[in-house]
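Comments concern the structure below.
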Amino acid sequence: MEGRYKITSNRESGFGRYDVMLEPLKPGDDAIIIEFKVCRAVKKQTLEEAVEEALKQIEEKNYAADLEATQIAPERIKKYGFAFEGKKVLIGE
């Protein structure tokens with residue numbers, strides 16, 4: 001990814017702190033925002049619910065604000081939620 005993206009993590013954007021952001025260095029590439037969640041047995045949460053929670057957080061906290069401020073069009077910002085439960089992983093967009 002070196003030379004193609006500027007990769008940052010745990011920085012403020014919008015109304016919170018995203019987990020990982022990949023900002024394209026080339027005009028034609030998409031930007032990527034990633035939010036990670038761990039399923040909690042205490043919450044009786046499924047992988048699907050954790051993915052939805054991650055995607056909802058990206059939207060509610062407006063993590064795309066910094067990317068949009070640099071003139072990256074909203075349709076060029078890909079948003080992914082990663083949910084983990086032990087060795088199981090589910091990725092949603």
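Structure above, values below:
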read-out	value
Residue within the stretch 56-76 that is assigned to a loop (DSSP other than H, G, I, E, B), on the phi > 0 side of the Ramachandran plot and of a type in the set (S, T, N, Q) present	yes
Qualifying positions in the stretch 19-50 - crowded, with 17+ Cβ neighbours inside 10 Å, out of contact with any helix residue (DSSP H, G or I) (no Cβ under 7 Å at 6 or more places or on another chain) and closer than 21 Å to residue 75 by Cβ	21, 22, 24, 32, 34
Residue under evaluation residue 35, criteria (1) part of a helix (DSSP H, G or I); (2) of a type outside the set (S, T, N, Q); (3) touching an Asp or Glu at 6+ places or on another chain (Cβ under 8 Å), criterion not met	(1)
Qualifying residue in the stretch 38-50 (condition: under 8 Å from residue 81 (Cβ atoms), at pLDDT below 95, within 17 Å of the chain's Cα centre (by Cα) and part of a helix (DSSP H, G or I))	yes
Scope the stretch 77-93; condition within 14 Å of residue 34 (Cα to Cα) and surrounded by 14 or more Cβ atoms within 10 Å (Cβ to Cβ); matching residues	77, 79, 80, 81, 82, 83, 84, 90, 92
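The values are calculated or read from the model by the stated rules, or taken from the named source; none is laboratory data. Worth saying up front: this structure is predicted, and the values here are computed from it rather than measured. Every residue, glycine as well, gets a Cβ built from its backbone with ideal geometry; the counts of neighbours run over all protein chains shown.
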